[in-house]
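Please treat every number below as a calculation from the coordinates, not as lab data. Note that the coordinates shown come from a computational prediction; the quantities given were computed from them, not determined experimentally. In this analysis, Cβ positions are derived from the backbone assuming ideal geometry, glycine residues included, and neighbour counts consider all displayed protein chains.
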Amino acid sequence: QVQLVESGGGLVQPGGSLTLSCAASGIIFSVYTMGWYRQAPGKQRELVARITTNGSPDYADSVKGRFTISRDNAKNTVYLQMNTLKPEDTAVYLCNGYNTWNNYWGQGTQVTVSS
C-alpha cells in the first residue's frame, strides 16, 4: 500500500519558518519526482516546488529564494524548508510523487501564517 504522510505544518507568525516532511512508503522512492503543492480555500491547487530523481529542484516564482526542497532517498523522505513565511503562504500543503506510470498524493498538512 502506497502512503505519503506529511508532517510539520502548524501556525507560524509572518516572517517565521517551518519545515515540512513527507515520508513515503510502498514505493521505490528514488524513481519518483517528488513535489509539494498547496491549496488555499477557494483557490486552485498550485505547484510550490518539486525535485527530480537526480535532485534538481524547481520552484514557483512566489516562493523562490524563500523555500528549499530536498530529498533523502535513504529515508524515503522529501522536505520543504519554508523561510520568511507570508500570510499568503497559508494553505494545505500536499506531497506528491509521480513518474511515468504512477501519481500519488498525501493527505496534506495545514500551514497557517498569521499574527
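If contacts are Cα pairs under 8 angstrom and at least 6 residues apart, what is the relative contact order of region 20-115 in percent?
Relative contact order comes out at 29 percent.
For the chain, set up a Gaussian network in which alpha carbons nearer than 10 Å are linked by springs, and say which option among Asn73, Asn54, Asn96 fluctuates the most.
Judging by the Gaussian network model, the answer is Asn54.
In the chain, what % of DSSP beta bridges are antiparallel (nearest 5)?
95
How big is the gap, in Å, between the Cα center of region 19-58 and the Cα center of region 74-115?
6
Determine by what factor the alpha-carbon radius of gyration of region 59-115 differs from 2.2 N^0.38 Å, reporting the quotient.
Normalised Rg, Cα atoms only: 1.28.
I want to verify a result. In a Gaussian network model of the chain, Cα cutoff 10 Å, which of these has the top mean-square fluctuation: Gln44, Gln13, Gln81?
Fluctuation is largest for Gln44.
Note down, for the chain, the three equivalent ellipsoid semi-axes (square root of 5 times each alpha carbon gyration tensor eigenvalue), biggest first, whole angstrom.
23, 14, 13
Just to be sure I understand: with springs between alpha-carbon atoms less than 10 Å apart, which residue in Ser17, Ser25, Ser62 has the highest mean-square fluctuation in the Gaussian network model of the chain?
Ser62
How about region 1-85: which chymotrypsin sites (Phe, Trp or Tyr not before Pro) there are in a DSSP loop, with at most 16 other Cβ atoms within 10 Å of their Cβ?
Counting only loop positions with at most 16 other Cβ atoms within 10 Å, none of the chymotrypsin sites (Phe, Trp or Tyr not before Pro) in region 1-85 qualifies.
With a cut-off of at most 13 other beta carbons within 10 Å, and DSSP calling the residue loop, which trypsin sites (Lys or Arg not before Pro) in region 47-106 qualify? Please list them.
Listed in order of number, the matching sites are Lys64, Lys75.
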